[in-house]
1. As a test, work out the antiparallel percent of DSSP beta bridges whose residues both lie in the chain, rounded to the nearest 5.
2. Under 17 Å between alpha carbons: how many lysine pairs meet that in the range 6-179, if sequence neighbours fewer than 8 apart on the same chain are excluded?
3. Residue 116: accessible area at probe 1.4 Å, nearest 10 Å²?
4. Using only the alpha carbons, work out the radius of gyration and Dmax of the range 6-179 in angstrom.
5. How big is the dipole moment of the range 180-318 about its Cα centre under a simple scheme where the beta carbon of each Lys and Arg is +1, that of each Asp and Glu is -1, and everything else is neutral? Debye, nearest 20, please.
6. Lysines within cross-link reach of residue 306: Cα-Cα under 23 Å, excluding same-chain residues under 8 positions apart?
7. Can you pull the three principal axis extents for the Cα set of the range 227-295, in Å, largest first?
8. Pick out, in residue order, every one of the trypsin sites (Lys or Arg not before Pro) in the range 326-385 that is DSSP loop and has at most 14 other C-beta atoms within 10 Å; say none if there are none.
Amino acid sequence: MLNGKHIILGITGSIAAYKAAMLCRLLVKEGAEVRVVMTPLAKQFITPLTMATLSKHPILVEFFNPENGEWNSHVSLGEWADLMLIAPATANTLAKMTTGIADNLLMTTYLSARAKVAVAPAMDLDMYAHVTTQQNLRTLAERGVAIIEPEAGELASGLVGKGRMAEPEEIVEQVKRILAGNNAKTLSGKRYIVTAGATIEAIDPVRFITNHSSGKMGYAIAGELAQRGAEVTLITGRTSLATPYGVKRVEVVSAEDMYNAAVEAWREADGGVMCAAVADYTPVTVADHKLKKSDDDMVIELKRTKDIAKELGAKKEGRILVGFALETDNEEANAEGKLERKNFDFVVLNSLRDKGAGFRGDTNKVTIIDREGRTEHPLMSKREVARIIVDKIESLNQ
Ligand code: PMT
């Protein structure tokens, strides 16, 4: 799909630069012609020899060759490219891009490039979450730069959070979309709500009832909707995940809180995706002091919570509503029951019987069920599942 495409791969000084080797290899394998431009600091993280060998061309770092004075023309490089991809992009380079600081060949090439530009940020979680970095990313996105979101996970610092550069395979997928023009803001002007994560039902000030949802699946969907231009309100249970770029986050604790926030947001929404794992039962009373243990067993009386999806489905009025079904047995029949009872347009079934599916991990295996039938998908990343779901939402929008 990248046959004959000209790609400038910009590498900046981040530990994630080691992934640029695999990225370059994959781009070349897909048929792209790759020219590598490195910042001087990037050379400390990955050798020019590695990148020159993989890209099959000498790499460029300096404005001119000190041996013979030969000029490295950033202008013609910028004109040559179909895409300039900066991966990894450090906080420093993102800041320079927003302000136009032209102090290295990578930056002058960026400022000269007429091509599409994409960045794959990589940095520590606090640097990524910093208001300045987020503002810089917003500015670049407004100027048409495609942001390939970093992933959450263990970082070089040993901390865990969002900031790890997207995997090379994921970047290549996004490059294909960008070059095919499939990254257009197709949902621009649409407002979506997404519920994500687990609700927490208090028993007393210390204990609670909850479940294993990490929020990853819902956050991926919110991010994908936002990437396609939708205005997204993410109603989320407690999680340490960073808010996807461009998404409005509303934090809730209990099923009742999530119900209130979702019903409120639904008034203005064009559609919704119900991905949260919402408690079906909550304690009848919440003790205002820590319950003391005794030698006796304890019984906690539970009452039903409100069904958020059912309520939104009852007030659908032609809008798109997508539900999930998390099952352990009799999967398809149960999911079909939810499709009808909650008035969903389609249900995304994931079964805990499938390895790598459901809670916490970065992958899922889903079957999409609507009134026309079922489509089973193989195990894939939650990002890819999110893309499939949003593709289907888009097809219903037309
Ligand atoms: O967050 P992760 O760790 O990434 O895990 C993802 C996930 C497994 C939580 C997700 O893929 C998923 O399956 N979410 C739905 C979990 C669930 O509660 O399913 P359910 O079959 O019990 O509910 C059916 C539907 O009704 C769901 O859309 C649910 O959000 C919704 N619901 C349920 C109860 C309730 N009171 N209100 C609701 O809106």
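1. 30 percent
2. Working: 19/29; 19/43; 19/162; 29/56; 29/176; 116/176.
Number of lysine pairs found: 6.
3. Here the accessible area works out near 90 Å².
4. 14.9, 47
5. 560 debye
6. Straight-line reach from residue 306, under 23 Å: 315, 316, 338, 342.
7. Largest first, the range 227-295 extends 57, 26, 17 Å along its Cα principal axes.
8. Sparse-neighbourhood loop trypsin sites (Lys or Arg not before Pro): 353, 355, 360, 371.
The values are calculated or read from the model by the stated rules, or taken from the named source; none is laboratory data. Since we're looking at a predicted model, the values are computed, not measured. Please note: Cβ atoms are built from the backbone with ideal geometry, for glycine as well, and neighbour counts cover all protein chains shown. These area figures cover heavy atoms from the full protein model, side chains too; ligands, DNA and RNA do not enter into them. Shrake-Rupley method; radii C 1.70, N 1.55, O 1.52, S 1.80 Å.
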